[in-house]
Amino acid sequence: MISLKPVYSSADQAVADIFEGATIMVAGFARPGVPQELVKALIRKGVGKLTVIANAAHGTREDLADAGRLVAAGLVRKVITSFPAPTRASVEGYPEKLYRQGKLEVETVPQGTLSERIRAGGIGLGGFWVRTGVGTVFEEGKEKRLFNGQEHILERPLRADFALLRARVADALGNLVYDKAQRNFNPTMAMAAAVTIVEVDEVVEPGGLDSESIATPGIFIDRIVKAQSG
Amino acid sequence: MTVSKVWPSAREAVADVFDGAVIMMDGFGGPGGMAQELILALRERGVRDLTIISNTAGLDSVSFGTPGGSLPVNHGILVANGQVRKVIASFPVSASPSRPTSFELLYREGKVELELVPQGTLAERIRAGGAGVAAFYTPTGAGTLVAEGKEVRVLDGREHVLETALKADFACIRAWKADRLGNLVYRGSSRNFNVPMATAARVVIAEVDEVVEPGELDPEVILTPGLYVKRVVVRRHPGKIYTREQGAAS
Amino acid sequence: MSEKERLSRELMALRLARELKPGMVVNLGIGMPTLVSDYIPHDGSLVLHSENGVIGFGPTPREGEEDPNLVNAGGGFITLLPGGAFVSHADAFAMIRGGHVDVAVLGGLQVSEQGDLANWLVPPRALGSPGGAVDLCVGAKQVFVVMEHTTRDGKPRLVSRCTYSLTGARCVSLVMTDLGLFQVTPQGFLLREIAPGWTAAEVRSLTEAPLAVGPELVEVRA
């Protein structure tokens with residue numbers, strides 16, 4: 001008995017049960033792998049007080065419906081991210097604007113620690129010790145310990161209610177194949193949320209994918225949305 | 001500049017393995033994922049006091065339905081040959097109590113050490129070694145023998161055991177194909193421990209069926225990027241390698 | 001003195017590229033460090049690593065041949081060299097933290113004589129973006145920094161102690177500025193190569209930390 005995953009033709013339907021105050025992981029790094037149609041659907045839905053976990057959240061690219069556009073739309077209460085500000089220091093991102101107004105909580109996380117915390121959440125670890133951030137502001141408030149004579153910081157896992165992903169193709173079991181740099185945070189976030197929703201260019205029958213190139217097994221996927229655009 | 005990590009033979013590729021080295025090698029039930037020609041070369045080399053990190057402690061006395069009752073070559077031949085001082089593994093014993101492995105016989109005589117690790121923790125400790133994670137907290141083994149002597153801490157309302165990273169001097173990897181830059185692709189269930197082990201050793205040696213030119217492997221399917229791999233050896237025997245040897249006395 | 005010609009961004013990138021040797025795995029940060037990729041051989045002898053999970057990438061594609069799913073960590077279009085591979089972000093950082101990246105070339109705001117780097121938070125900004133730099137500072141075997149020698153208003157960036165928030169402590173080994181090439185030694189900064197037309201005394205006057213001069217000081221050449 002194989003378990004087929006529901007395929008939605010509308011992103012709006014796929015995000016219909018995302019609730020106020022939910023914690024949401026949004027995949028993507030720059031443009032590749034960003035679930036733009038799901039993000040747009042969430043903005044249309046207008047559900048607020050979200051906690052958003054994403055690589056970048058500055059929201060200054062109006063042509064890119066990424067996690068930052070949820071912040072720009074005022075739907076976010078807290079962001080956990082590596083890029084709360086755009087790389088050009090002269091430009092102020094939406095998180096900074098809202099942070100100064102006291103309307104947004106920002107947790108800035110070194111990028112490797114961000115994906116490793118998500119991975120830890122996805123694979124059931126309670127925490128892990130790394131050197132990243134030793135001697136910087138990123139160690140503040142965290143437990144420290146020596147391993148092999150070197151200082152390490154205890155980092156804790158991240159989990160979410162929903163993860164929004166983008167892949168190239170899914171089969172009806174939810175197995176995913178990515179296209180090049182699209183992979184980035186997608187396979188890791190897929191493991192770490194209670195409900196994982198993926199938008200794809202194409203849906204094929206089970207057996208229609210090369211098993212060796214499946215980077216996210218279908219057991220992590222709950223809903224598939226056929227994207228309307230590339 | 002042409003880069004090639006391909007070495008002429010398994011014997012040369014293991015020539016710098018030293019007495020007392022820590023070696024990772026796969027060994028997930030049967031020969032599919034094992035670097036058998038590297039193991040044979042290690043036996044020929046005769047290095048001693050090895051610490052082997054593997055799923056099993058060698059299955060030299062267990063038949064997996066091999067032709068004529070022959071046994072697949074695995075690291076059990078190193079144990080049987082008295083080259084191994086310590087094994088870090090999940091399956092140190094034979095599935096059949098009446099036919100103990102060489103490791104079990106030597107263990108009873110106090111001639112080998114064992115560090116028993118739950119299978120998922122073993123894979124994660126190896127990955128941690130390769131990924132710059134010194135240690136991690138896992139619920140696996142809390143309240144069991146596995147937790148003895150380790151820090152146990154309640155996190156998110158659940159007991160977790162602190163497990164530390166594993167690293168090695170060498171890893172003997174078995175993959176399907178390599179390109180000459182050391183990129184590796186696997187086939188079927190043979191990826192298992194090979195993938196994390198290829199990240200966690202100072203010198204990673206891959207035994208493969210075939211070497212191709214860069215660009216011939218699908219970049220979406222390369223599970224071990226070449227930057228992890230130092231040496232590639234092409235198998236001389238295309239199929240599985242079997243041996244009739246068994247027992248600590250042999 | 002400040003009207004004297006400084007090294008161009010291109011020359012800084014070219015000079016730093018010469019420090020990258022065959023067989024190295026190299027991560028280039030966003031901005032000026034990315035320029036270094038214009039001056040290295042794209043023949044597979046050197047592996048370029050990108051935080052987003054592209055391993056073994058090559059030069060910028062020709063116009064019209066850009067692939068929207070093939071970009072570097074700065075979002076710029078790249079190509080994949082034969083033998084390149086794709087991994088997840090978590091695996092890309094396992095490579096970094098696990099010590100599999102030989103050199104990281106990063107931009108900088110300040111570098112201290114102990115090799116501390118500050119590059120992620122620009123006062124008076126309330127928020128900054130560390131990106132992958134914090135991981136690279138602890139994980140890469142060597143960290144090179146490329147930056148202008150002074151701030152826009154003439155303040156030195158090579159300092160005794162960083163006043164900006166740190167990205168990493170005691171991690172930088174080499175600094176390329178528009179006035180020269182500097183080694184970070186246990187005794188502090190050592191000027192190895194100098195911009196043509198400049199004297200060590202002039203460079204020293206624009207450097208806050210003590211500056212030693214190498215016995216064989218040469219000019220930075222193209």
**OP:** Identify the residue in the stretch A:194-213 that is in contact with a Leu (Cβ under 9 Å, 6 or more places away or on another chain) and either surrounded by 21 or more Cβ atoms within 10 Å (Cβ to Cβ) or part of a strand (DSSP E or B) (or both) and, among all such residues, is farthest from the other protein chains (Cβ to nearest Cβ).
**Re:** A:I197
Original post:
Does A:G127 satisfy being surrounded by fewer than 24 Cβ atoms within 10 Å (Cβ to Cβ) and within 22 Å of B:G130 (Cβ to Cβ)?
Top reply: yes
Original post:
Can you tell me which of C:L127, C:L80 is within 14 Å of chain B (Cβ to nearest Cβ), aliphatic (A, V, I, L, M), more than 18 Å from the chain's Cα centre (by Cα) and not in a helix (DSSP H, G or I)?
Top reply: C:L80
Original post:
Name the residues in the stretch A:116-166 that are at the interface with another protein chain (Cβ under 7 Å from one of its Cβ atoms) and charged (D, E, K, R), would you?
Top reply: A:E116, A:R119, A:R131
**OP:** Quickly run through the stretch A:71-103 and pick out the residues that are polar (S, T, N, Q) and more than 14 Å from the chain's Cα centre (by Cα).
**Re:** A:T87, A:S90, A:Q101
Subject >> Exclusive hit being at pLDDT 95 or above and either farther than 12 Å from A:W129 by Cβ or more than 13 Å from chain C (Cβ to nearest Cβ) (or both), set B:G141, B:G132 >> reply: B:G141
**OP:** With respect to C:G99, determine if the residue is surrounded by fewer than 20 Cβ atoms within 10 Å (Cβ to Cβ) and touching a helix residue (DSSP H, G or I) at 6+ places or on another chain (Cβ under 7 Å).
**Re:** yes
Subject >> Within the stretch B:152-191, considering residues that are over 14 Å from B:K230 (Cβ atoms) and away from chain A (no Cβ under 14 Å), the one nearest to the chain's Cα centre (by Cα) >> reply: B:R174
Original post:
Taking the stretch A:153-177, which residues are part of a loop (DSSP other than H, G, I, E, B), touching a residue at least 40 places away in the same chain (Cβ under 8 Å) and either in contact with an Asp or Glu (Cβ under 7 Å, 6 or more places away or on another chain) or among the charged types (D, E, K, R) (or both)?
Top reply: A:R159, A:A172
**OP:** Would you check which residues across the stretch C:152-185 are modelled with pLDDT under 95 and either crowded, with 24+ Cβ neighbours inside 10 Å or within 12 Å of another protein chain (Cβ to nearest Cβ) (or both) and list them?
**Re:** C:R152
Original post:
Of all residues in the stretch A:76-113 being more than 7 Å from every other protein chain (Cβ to nearest Cβ) and among the hydrophobic types (A, V, I, L, M, F, W, C), which is nearest to C:V138 (Cα to Cα)?
Top reply: A:V109
Original post:
Which strands (runs of 3 or more DSSP E) does the stretch B:116-203 wholly contain that include 3 or more residues that are surrounded by fewer than 23 Cβ atoms within 10 Å (Cβ to Cβ)?
Top reply: B:152-155, B:158-164
Subject >> Subset tally (residues that are part of a strand (DSSP E or B) and more than 25 Å from A:A190 (Cβ to Cβ)) for the stretch C:83-124 >> reply: 11
Original post:
Of C:G74, C:G44, C:G58, which residue is more than 14 Å from chain A (Cβ to nearest Cβ) and surrounded by 16 or more Cβ atoms within 10 Å (Cβ to Cβ)?
Top reply: C:G44
**OP:** Kindly list, by first and then second residue, each pair from a residue in the stretch C:133-144 that is surrounded by fewer than 24 Cβ atoms within 10 Å (Cβ to Cβ) to a residue that is part of a loop (DSSP other than H, G, I, E, B), limited to pairs with Cβ atoms under 6 Å and residues at least 6 apart or on different chains.
**Re:** C:K141/C:D102
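The values are calculated or read from the model by the stated rules, or taken from the named source; none is laboratory data. The shown structure was predicted, so the numbers you read here are calculated from the model rather than taken from an experiment. All Cβ positions, even for glycine, are placed from backbone atoms using ideal geometry, and neighbour counts span all protein chains on display.
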